[in-house]
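Have a look at the structure below, then the notes.
Rule-based calculations on the coordinates, nothing more; no lab input. Model, not experiment: these values are computed from the prediction. Cβ: placed from backbone, ideal geometry, glycine included. Neighbour counts: every protein chain shown.
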Amino acid sequence: MKFFISFLFLAITTLSFSQTLYLDKVSAVSKRTYTYQKNKGEKKLKLDFYKPKKVKGALPLLLYVHGGGFSGGKRNDKNTVNFANNMAARGYAVASISYRLTRKNLGFNCDTKSEDKIKAFNATSEDISYAIKYILSKKRRFKIDINKIILIGTSAGAEAVLNLAYVHGTKILPEDFKFAGLISMAGAIISLDTITKEKAIPTQLFHGTDDQLVPYDIDSHHYCKKNNPGYLILFGSKAIAHKLKILGQSFYLYTIKKGDHSWSGKPMYECTPEILDFLYYDVLKNKKRQIQRSI
């Protein structure tokens, strides 16, 4: 009997020590909601903050920005909640934010002026910055590793995080602030010229080749015609990965052949191993890999 108990203890101990922080589930998760910004005459902007209960010390932060064409979507839908809990259980802090829906009841299509589309990108980039600024200002409360803040976005959210990291810039944040990494799910950017060796960060890109809203490579947003008010050339995941490759910087391009815009959300629950691999090796371990995968 003593031998069996000793063997059982050894087996349990070995299992617990075989778990790897940031790859395996190591903790239960707690969640709280905070108001990070109060805009006069507008709704308060809130964030849901998830953290592992059993992990001590400064935590890497995943800041998630939902999609919805800058006119809809929410920070706490079922997929987002599941994704946030899944990541937090592995040792990450996760902040899922609301932001100003500047195109609500206005649309975000070929009838939307191109300059208004850019304004929507910039407004959301500002809100993301305010959310990060709030978290950084409450160091004791959130216990975040300020050198390990990773942006994640789907669809419109992906456009916003790419815009913030590579175009708009962190004007609201400290001048020397730099993101540790970025995950874009069906996102695009208005210029490749602003992606420089100095600005480049480890970037993971999920995109379907047949996305009819956000181009996989280089084309107009929503494939609008030149005579449409909303004609705006965007550089999608393939083009961004190619630029990072030329610069010799880290990227992970995950291409879904024949995939449509539904792949803006699917990676959150279908590509967990790939996301964890990118975060662990490219961001936390700074392996500087260049990966291209197709399914």
Charge dipole (the chain, unit charges on Cβ, about Cα centre) - positive-most of 229, 84, 242: 84
Among the aspartates and glutamates, select those whose C-alpha is under 12 Å from the C-alpha of residue 171, and discard any that sit fewer than 8 residues away in the same chain. 126, 127
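Treat every Asp and Glu Cβ in the chain as -1 and every Lys and Arg Cβ as +1, leave all other atoms uncharged, and give the resulting dipole magnitude about the Cα centre to the nearest 20 debye. Walk me through the intermediate numbers first.
On the way: 47 positive and 24 negative charges, 262 e Å.
Here the chain has a charge dipole of around 1260 debye.
Please figure out what share of the DSSP beta bridges in the chain is antiparallel and state it in percent, rounded to the nearest 5. All intermediate terms of the calculation are to be shown ahead of the outcome.
On the way: 16 of 47 bridges.
Bridges in the chain that DSSP calls antiparallel: roughly 35 percent.
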Search the structure for amide H atoms under 5 Å from the amide H of residue 59, placed 1.01 Å from N in the peptide plane, and list their residues when 5 or more places away or on another chain. 144, 145
Over 29 Å between Cα atoms: which of 44/197; 25/197; 113/178; 51/178; 266/287 fall into that group? 44/197; 25/197; 113/178
Students often get this wrong: which residues of region 67-90 have the backbone nitrogen under 17 Å from the point 7 angstrom along Cα-to-C-beta of residue 24? 87-90
What does the highest-first list of 274-282, 100-108 look like by mean Cβ count within 10 Å? 274-282, 100-108
Separation of alpha-carbon centers, region 119-166 and region 228-248, rounded to whole Å: 21
Calculated from DSSP H runs of 4 or more alone, at -39500 (n - 2.57) each and per residue, what is the 222 nm mean residue ellipticity of the chain, nearest 500? -8500 deg cm²/dmol
Label of the coordinate-derived value, percent of Cα pairs over 34 Å apart, listed as (1) 23; (2) 20; (3) 36: (2)
What residue among 118, 144, 135 has the largest mean-square fluctuation in a Gaussian network model of the chain, using Cα springs under 10 Å? 118
